[in-house]
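A.B. asks: The structure that follows is given in the form of structure tokens.
Read-outs: derived from the displayed coordinates by stated rules, not from any lab. Every value quoted in this text rests on a predicted model; they were computed, and no experiment measured them. Cβ: placed from backbone, ideal geometry, glycine included. Neighbour counts: every protein chain shown.
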Amino acid sequence: EDEEKLAAFQARIDREEKIEPNDWMPAAYRKTLVRQISQHAHSEVVGMLPEGNWVTRAPSLKRKAILLAKIQDEGGHGLYLYSAAETLGVSREELVDQLLSGKAKYSSIFNYPTLNWADVGAVGWLVDGAAIMNQIPLCRCSFGPYSRAMIRICKEESFHQRQGYDLLVAMMKGTAEQQEMVQDAVNRLWWPALMMFGPSDKDSKHSAASMKWKIKRFTNDELRQKFVDATVPQAKVLGITLPDPDLKFNEETGHWEHGQPDWNEFYNTIQGNGICNKQRMKDRIKAHEDGAWVREAAQAYAAKQAAKKSA
Ligand code: FAQ
């Protein structure tokens, strides 16, 4: 790739022009986008599993309807994101194969179990909350199809975050046992939510290039800090304690200082050895195999339509 093309490409990025699928782009830009967008898509799809666990046990019709709608949204996000990745010249089959063979990553957070009903609220509040913090800046990502997909996704995620918070508020108004369930869910999900932002900046191998290309607008640590700053006051309103003894407001910087997640646990999880990795993959593989007849029927229908047209 010659210098001139690279310089012209970077100049377009610097002018805040969107890069579209048929435009020239460096191979490394394409590669990192396929990686990030497909991992993001896989996360949305695998992310349906922990909450799916509670659909049949939701405590009321209203909560069940909300939960179903939310989980369906996540499936939809996966579909837009696979489509955005496909514009870069990979096929959906290839991407799904990478997930099911264990080659592709998906977000570490979805390898934690949802043990009690308050986990559904805590996932909405903390996991969707972290997802929004990370994804709002992606609406300004330099790659057009990804940035446009993120706009609708973020709107839906904000509904998800609020339904989670609303669920927790309702439980905090309930019995002592319900309040304990909320605290227990938050104790277990707080650190994994912080891990969603990725390794600390010094260990993030892709950040420098992604920042230069304006795929990422903030570093992992910057977004983690924004999330902590936004969430601490919400925890106070809720009346729960965040499980970080190092949380301390710094008057000078205006930020909440916080402790570090257990990075060994993070690396262990993204290498496939977290609490639920094996179960999640088993469930995804089964869902894919059980859906084979749908794909076959759709292909048979498409072939018939094509034959009709050419006849
Ligand atoms: N989990 O160099 P960096 C959702 C990997 S939200 C697993 O810092 P980068 C909504 C990373 O891929 C969740 N792997 O990488 C929802 C790389 O490995 P590689 C999905 C992680 O890309 C809510 C290596 O570590 N959101 O689904 C994680 O610059 C509720 C080095 O890391 C997105 O995907 C992790 N937490 O920054 C659904 C957002 N962190 O590829 C259902 C888009 C890092 O070299 C229910 N993605 N890794 O093998 C991003 O913003 C970025 O990709 C980061 C990582 C920030 C995740």
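A.B. asks: So how strong a dipole does the chain carry about its Cα centre when Lys and Arg Cβ are +1 and Asp and Glu Cβ are -1, to the nearest 20 debye?
C.D. replies: 1060 debye
A.B. asks: When the helices in the chain are scored as -39500 (n - 2.57) per DSSP H run of 4 or longer and the sum is shared across all residues, what 222 nm value do you end up with, to the nearest 500 deg cm²/dmol?
C.D. replies: Rounded to the nearest 500, it is -20500 deg cm²/dmol.
A.B. asks: Using only the Cα atoms of region 1-140, what are the Rg and Dmax in Å?
C.D. replies: For region 1-140, the Cα radius of gyration and maximum Cα-Cα distance read 18.2, 62 Å.
A.B. asks: A further question follows. Each label point is 7 Å from the Cα along the Cα-to-Cβ direction; what then is the distance between the points at residue 184 and residue 169, in nm?
C.D. replies: 2.5 nm
A.B. asks: Which of 213, 117, 125, 263 comes first, and how do the rest follow, when ranked by fewest Cβ neighbours within 10 Å?
C.D. replies: The most exposed by this proxy come first: 263, 117, 213, 125.
A.B. asks: Now for a different question. Give me the number: length gained by fully extending residue 282 to residue 56, i.e. 0.36 nm times residue separation minus the C-alpha to C-alpha distance, one decimal in nm.
C.D. replies: 79.3 nm
A.B. asks: So, one more: For residue 310 and residue 222, calculate 0.36 nm times their separation in residues minus their Cα-Cα distance, and state this gained length in nm to one decimal.
C.D. replies: That works out to 26.1 nm of additional length.
A.B. asks: Still on this model: Among 238, 250, 42, flag the residue with its Cα farthest along the positive direction of the charge dipole of the chain, charges on Cβ as +1 for Lys/Arg and -1 for Asp/Glu.
C.D. replies: Selected residue: 42.
A.B. asks: Of 201, 229, how do they rank once you tally other Cβ atoms within 10 Å and put the fewest first?
C.D. replies: On the way: 201 13, 229 16.
In order of increasing Cβ crowding within 10 Å: 201, 229.
A.B. asks: Could I ask something else about it? In region 188-285, which trypsin sites (Lys or Arg not before Pro) are in a loop and have at most 10 other Cβ atoms within 10 Å, using DSSP for the loop call?
C.D. replies: Taking region 188-285 and a limit of 10 other Cβ atoms within 10 Å, the loop trypsin sites (Lys or Arg not before Pro) found are 205.
A.B. asks: With r defined as the distance between the Cβ atoms of residue 68 and residue 94 and R0 fixed at 41 Å, what FRET efficiency is calculated, to the nearest 0.05? Please report the intermediate quantities before stating the final value.
C.D. replies: Numbers: r = 30 Å, r/R0 = 0.74.
That pair, residue 68 with residue 94, gives E of 0.85.
A.B. asks: Moving on. Can you work out the FRET efficiency for the pair residue 7 and residue 115, with r the C-beta to C-beta distance and R0 = 45 Å, to the nearest 0.05?
C.D. replies: Computed FRET efficiency for residue 7 and residue 115 comes out at 0.25.
A.B. asks: Still on this model: Taking the chain as a Gaussian network, where each spring joins two C-alpha atoms under 10 Å apart, which residue of 75, 121, 254 fluctuates the most?
C.D. replies: Most flexible of the set in this elastic network: 254.
A.B. asks: Another one. In this model, which of 205/248; 64/155; 105/248; 103/282; 286/309; 105/282 are farther than 25 Å apart at the alpha-carbon?
C.D. replies: Pairs exceeding the cut-off: 205/248; 105/248; 286/309.
A.B. asks: Which of 253, 32 comes first, and how do the rest follow, when ranked by fewest Cβ neighbours within 10 Å?
C.D. replies: 253, 32
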